[in-house]
Structures are given as C-alpha cells and as structure tokens.
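The values are calculated or read from the model by the stated rules, or taken from the named source; none is laboratory data. Small disclaimer: the values here were computed from a predicted structure and weren't measured. Heads up, the Cβs are rebuilt from the backbone with ideal geometry, glycines too, and the neighbour counts pull from every protein chain shown. Protein only, heavy atoms only, side chains kept; ligands, DNA and RNA dropped before computing areas. Shrake-Rupley method; radii C 1.70, N 1.55, O 1.52, S 1.80 Å.
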Amino acid sequence: MAEKIRIGVFVCDCGSNIAGYVDVKELAEYSRTLPNVVYVKENLYTCSESGINEIKAAIRQQNLNRVVVASCTPRTHEPLFRGTCEEAGLNPYLFEMVNIRDQCSWVHMQEREEGTNKAKDLIRMGVAKAALLEPQESIKSEMDPNALVMGGGISGMTAALALANRGYQVFLVEKQAQLGGLLLKLDKLAPSGADAAAFAASQAELVQKHPKIRLMTSTEVREISGYIGHFKVTAASGGNRDQFGVGVIIVATGAQVLKPHGLFGYNGKRVITQLELEDLFRKDAFSAGNVVMIQCAGARIEERKYCSRICCMVALKNAIQIKERSPGTGVRILYRDIQAYGTENEEIYRRAREMGVIFINYDVSNPPKVEEEKVTVAHQLLGRELDLPADLVVLSTPLVAGEDNEAISKLLRVSLDENKFFLEGHVKLKPLDFATDGVYLCGNAHYPATVREAISQALGAASRASIPLAKGVMTVEPIVSTLVDEDACRGCGLCVALCPYGALEIVRTEKGRKVRVIPVACKGCGVCAATCYQHALSINSYTDEQIGEQISACLEAQG
Ligand code: SF4
Ligand code: SF4
C-alpha cells in the first residue's frame, strides 16, 4: 500500500525579516488547509536551536514523512535543514525549502497583502512538490590523493608546499623555466624591505627539495578530463607528454603587467613602468634628478574599468626607494585616488610624504601630458596647469589577466570575469573555490593581489583542497542527472555537448550508443534534462512530474 503522505510545514519569521513584511500567522493558517499537511508551526527563527529541535520533535511525534520549511535561501540554510531531517531519522531529500524571504518579503516590503498572497503561492507549490519527493542516497567517490598546482609563482609555490607538507603528492606545473613568477622582476617587498628575488629563491629551493613535490618547469597543461577525485591531466614539455591523475587542482597561474604602449609616451627609456624602475634598482642603474609617476596608466578607463589595487602601494614603495637612494631627487606622484588601504599602507603613504614626495591629484578627463623633460598637469585646487620637471616618467600600470586564462578556463570548464581573471564560485561563500568541485584558485589569477595577500590566498586554497583529500572519499549531493529511460536515449550527444561540467559521456552498450552520467561531476543544473527531446534524462528531486505539480499548484486559485 502506498505510504500516506504526512507533511509538516515550518514557517519562519526570520525575526522581522519575514514577519515584518508579510503576515506569517496567516501563512501558517493557510498552510494547514493544503493537501497532505498534517502539522504546521511558526518559528521566530527556524534555524535556531529551538527551531531545529521543534522540527526533529515533530518528525518523530507526528510521524512526518515530508518536511517543508518556508524561510530564507536554500543556498545558506538547506544543508542545515536536511541534516536536521536526517538526525530525526527522515531521509534528508524528503525536505523542500521555500524561499519566502529573498523571493518575497525582501522584494515586496511595501506590499504586505500582495506579498503575503505570493508567499501562500510559494508554500502551496513547495507542498505540492514535497508530496512527490523520493528518498535519495548521497553519492560517494574515492579521491586520488594527489594535487595539481598550475603556476610556480609565489602563490603556486606556497600552495604546493602547504599540500606537500600535509603529505599529499603534488604535481607543480610551471610554463617558465624558472620558479618565482612576478617576484623575480621585483626589487624589494614592502613593508619588510625583503629582497624579492631572494625570497623567491628560498621558496623555490624548498619546492625543489620537497620529496612530495614533482616539479615540472617549462611545461604546460594541455588536457584535463574527469572530475573531483579523478582528474586526468596531460602535461607537455617540448615534445614530451606526461599523463597523471590528481584528485584536486589549484589554479595559481598569476597575471601579467600591462605594457602601456601608446600611453603617456611610453618608450621603455625615459618613460618606463614601475616594473622597469624596479629593474633599474636591482641593477643599481637608477639615476634621475626629477621623477614623475603617473597612476592609473591604462587602468580605470573605458577599456579596463577595474582598479588594479596594488599599483598605488608599488608607487609609494618605489618613491621611498628613490628618496632613500637619492634624497635630492624630486619625486611627484600624479594620482586620481590613492589606494593605501589599512594602517600599514597608510603609514607608508605618510612616510613618503614626510620624505618629500609630492602628491598631485589629476582629473581623468584632463590627464597629464608627457613632454620633453617635463610633465604638464592641470592642478585641481590651483585651477591652473603646472609644469613639472621630469627626466624620468614612471607609469603605474595595472596587472592584467594572464594570456592563457581563456585556454585554461576551457580546459577546466571554469568561468572568467569580464576582465578575464578567473571567477570564484561565490564572492562570499566560495572565494577560493571554483563552481566546479575540486578546483580552487589563488593569487593574481583571481585578481591583483599583494604578495602577502597571494600567500594568504594560497594557504587558504590549499586548505580548501585538503578537505576532500583528507576525507579520502567524496560525498556528493544526489541531486544529479539520471538516465531514467535508457531505451529512449538515441545517443545523439546533444546533452553531452551542452553539459557545462563535463558530467556526461556517450558509451557503447548492448543497446547501442547511450549517454552515461558521471554523478560525482554533475551539478544538477538541469541543462541536459531540459535539452533531451527524448525525455531520457531527469534530475533527482526536479523530475518533470514534480515540477509539473508545482506549476499546477501555482496556477490554482488560492483557497
Ligand atoms: Fe541525446 Fe537525450 Fe540521449 Fe542525451 S539523453 S544523448 S540528448 S537522446
Ligand atoms: Fe551536466 Fe547539468 Fe546535466 Fe548534470 S544536470 S549532467 S551538470 S547538464
């Protein structure tokens, strides 16, 4: 005999986030009238300890076999409520969440009655779907206990060492012949004054000597297939190809400094970049009577809207360097806004001023003009043009995305932002993870970062990557695609081509070419199920029947 459906509905006030804008009491009353609902409770905070205990108690005492929580966003709270069901002995996938906060009270703050009616619609839809939910079992997959780190700059070396020190085998692939990345081109690091190249060399030595790190320089990653736990990597160096398997991947491929061709008379001689100035310092070849630095050269303009974050600090550091090497040299920094965030950088800014560095604000609509032996700038406060003597002009240029980013994003099926830097899975909840499981990012590959920030991110990414490695077995949510009708599948491969996560493949079976789902790689996005004209694929907990029932409930008039 079919099990009798017994649904419990928990309506959350979310303090005043929901209760302040929709009539929660009315929602609770309304929920009691819905089919299969046998228990309803309004909570001040359903996610609080008392709210959680009320759900558990109701499951046991009321014999609930489905739970609906009408509250906030599943993105943050669904795992908690699923876990609650599980602790009370109910399969966690017999749970449905209805978002009456972000999708209702927050967006209808001024329309209490209409907002309340919409919340009723949403709850009715959730209850209708909940009645058709089926129990699901988590998917488990063993992890290959190895890691690939792409990039041998400071973030790549740090991440590789952090993982190797935890005992995991690391493959560190760097396309240049030498480890160190941008550090090799810098003179001193602020605020410590440490020698950048020496620091890079000390880290490189640790990497080279580490028994758990297999270093592959002058090597490029050519192919990556598979999914978390089982990535298959093909790397190439010269004519040699090498294949190995890893469980996780960290992208630490860095960025490059914009060459400001065509900007402010850049010529690499009298008009140079900050990086080229550091090169003069390193070679002890700096000499100038008057230096003018121009900030935001090629940044925060129509073509490249972002602030590169670190160039102001680089200019301050190098201005101080000039004053220390040659106190009589005049240094003027022409800026749009000075980004010296945090007390430490503020202190560096103050120090530069005390040493006699002069700061002059310029307007982007009337930028400085670099001429023979001088730079002309329109002074905002004086309201007139100033001629500044300059035998050396230094342009503070932004970091731009690595030239290989597009190719790497295709290899890994991960996203880039509008400036072609790699895009994290979620700006707050997954800042060091990609949306694709088992792939992490750090350093300048993500956005321009100081050396200290790059190191922190690398340690963070290595920690994130260690979680699945340490578990040894990956447990994945079972809300994934399933081949529900093998006979219907024609093996056309349309779904395979469209799956953004590489979670489908065509295999030969006794019945011919058929699609096969790789559940651990699937993110349950639904593209395949929506694409398949044969209805051969379906997403667990989002079946055609369940969604159809939700739509029918939506179209019903409120009782
Ligand atoms: Fe084609 Fe559908 Fe089979 Fe995919 S599941 S291969 S779209 S018939
Ligand atoms: Fe790929 Fe999305 Fe289908 Fe999963 S649900 S197989 S991720 S298209």
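What the table shows:
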{"quantity": "Checking residue 506 against (1) farther than 26 Å from residue 425 by Cβ; (2) within 14 Å of ligand 2 (Cβ to nearest atom); (3) open to solvent by 70 Å² or more (accessible area, probe 1.4 Å), the condition it does not meet", "calculated": "(3)"}
{"quantity": "Residue 147 vs. criteria assigned to a strand (DSSP E or B) and open to solvent by less than 20 Å² (accessible area, probe 1.4 Å)", "calculated": "yes"}
{"quantity": "Qualifying positions in region 238-256 - of a type in the set (Val, Ile, Thr) and open to solvent by less than 20 Å² (accessible area, probe 1.4 Å)", "calculated": "246, 248, 249, 250, 251"}
{"quantity": "Residue identified as among the basic types (Lys, Arg), open to solvent by 30 Å² or more (accessible area, probe 1.4 Å), farther than 16 Å from residue 193 by Cα and touching a Pro at 6+ places or on another chain (Cβ under 8 Å) among 332, 336, 304", "calculated": "304"}
{"quantity": "Count of region 162-174 residues which are touching a residue at least 60 places away in the same chain (Cβ under 8 Å) and in a helix (DSSP H, G or I)", "calculated": "2"}
{"quantity": "Residue in region 337-371 that is modelled with the lowest pLDDT, counting only those that are assigned to a helix (DSSP H, G or I) and closer than 30 Å to residue 303 by Cα", "calculated": "342"}
{"quantity": "Top-ranked residue in region 468-501 [being touching a helix residue (DSSP H, G or I) at 6+ places or on another chain (Cβ under 7 Å) and open to solvent by 60 Å² or more (accessible area, probe 1.4 Å); ranked as nearest to ligand 1 (Cβ to nearest atom)]", "calculated": "494"}
{"quantity": "Flag for residue 177 being open to solvent by 60 Å² or more (accessible area, probe 1.4 Å) and aliphatic (A, V, I, L, M)", "calculated": "yes"}
{"quantity": "Residue match in region 502-525 (condition: hydroxyl-bearing (Ser, Thr, Tyr) and more than 15 Å from ligand 1 (Cβ to nearest atom))", "calculated": "no"}
